[in-house]
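Data first, discussion second: the structure below is written as structure tokens.
Derivation of every value follows stated rules applied to the coordinates shown; laboratory data play no part. All figures in this text were calculated on a predicted structure; none of them were measured in a lab. Note: ideal-geometry Cβ built from the backbone for every residue, glycine included; neighbour counts use all protein chains shown.
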Amino acid sequence: MEENSYSQKLLAETLGTAVLVFIGVGSVPATTIIGGNAPFTMAELGMISLAFATAVVAMVYAIGHISGCHINPAVTLALAATRKMPWRQVPGYITAQAAGALLGSLAIVGVLGHKAADVGLGIASYGSGVGAGHAFFAEAVGTFILVFVVFGAVDRRAAGGFAGMAIGLAVFAIIIPVAPATGASINMARTVGPMVVGRLFGSAVHWSQLPVYLVAEAAGAVLAGFVYTALNAGKRAAAAPAEPVAPLASAEGVLS
């Protein structure tokens with residue numbers, strides 16, 4: 001099968017991340033506009049989680065065969081750290097993902113209007129009742145679970161054709177317990193994109209929280225990659241793990 005060019009992979013990552021942010025993050029202000037102010041009920045949280053999950057599933061099958069559908073810098077970093085993709089491709093992937101997150105956030109405002117920014121644009125943040133350490137742990141755990149599932153789902157020994165469903169369901173499940181603490185961003189591009197666009201349109205942005213999200217997501221992802229690799233050590237001769245520039249997805253944050 002002919003390999004896609006690097007520029008095609010980057011464009012796919014940009015589009016995939018944009019769609020994920022538009023659908024997933026966009027479901028947050030849409031829910032708030034229709035149903036009232038946050039905090040959300042469990043039913044509303046479930047629908048937001050489903051929006052993220054279905055976006056992930058769709059993108060895994062749409063662009064997984066082109067770029068691997070990382071659509072999450074944390075996933076890209078985990079792959080590079082475990083030598084499943086070359087470090088030289090990392091800057092391009094992360095730039096493309098960040099650009100996609102910005103485009104997706106702008107599309108939310110374009111579709112829902114300024115009301116989306118008025119209700120927070122789905123910006124991930126943690127409130128006064130959640131400290132930085134608590135938020136760090138929540139984001140690290142959520143990202144760890146996501147990336148661990150990603151690595152397992154694209155392993156050559158895994159059941160073929162189900163990676164998208166496995167990763168999408170993981171996204172859905174992770175959001176439920178993590179969102180009340182931090183918004184369950186577990187995606188560095190998703191964290192930054194809505195913050196930047198939200199600030200442009202007057203949303204409240206807690207910039208001091210950004211390092212907590214970024215470091216926690218990177219740490220959780222890289223740790224998951226090493227743990228999965230360790231679990232498979234010594235089995236490569238029998239069945240080598242997949243080279244996960246294969247369907248790798250991301251979750252997106254929920255509560256504003």
Are there DSSP H segments in the chain that both extend 18 Å or more along their axis (alpha-carbon positions) and score a mean Kyte-Doolittle hydropathy of at least 0.5? List them, or say none.
6-20, 42-67, 90-112, 132-153, 163-182, 188-200, 210-231
Rounded, prolate or oblate (a/c below 1.5 giving rounded, otherwise prolate when a/b exceeds b/c) for the range 1-101 by Cα gyration tensor:
prolate
Along the positive direction of the dipole of the chain (beta-carbon charges: Lys, Arg +1; Asp, Glu -1; about the Cα centre), which of Ser203, Tyr126, Ala189 reaches farthest?
Ala189
What list do you get for Thr41, Thr76 if you sort them by fewest beta carbons within 10 Å?
Thr41, Thr76
Selected from Leu77, Leu112, Leu200 as most flexible by GNM, with the chain as the system and alpha-carbon contacts under 10 Å
Leu200
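Per-residue ellipticity at 222 nm for the chain, helices alone: DSSP H runs ≥ 4 residues times -39500 (n - 2.57), over residue total, nearest 500 deg cm²/dmol?
On the way: 10 runs with 164 residues, N = 256.
For the chain, the value works out to -21500 deg cm²/dmol.
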Enumerate the amide H contacts of Thr82 below 5 Å, restricted to partners 5 or more residues apart or on another chain; note that Pro and chain-start residues carry no placed amide H.
none
Shape call for the range 127-203, from the Cα gyration tensor axes a ≥ b ≥ c (a/c under 1.5 means rounded, otherwise prolate when a/b beats b/c, else oblate), comes out prolate
What percentages, rounded to whole numbers, describe P(r) for the range 6-231 computed over all alpha carbon pairs with 10 Å bin width beginning at zero?
9, 36, 40, 14, 2
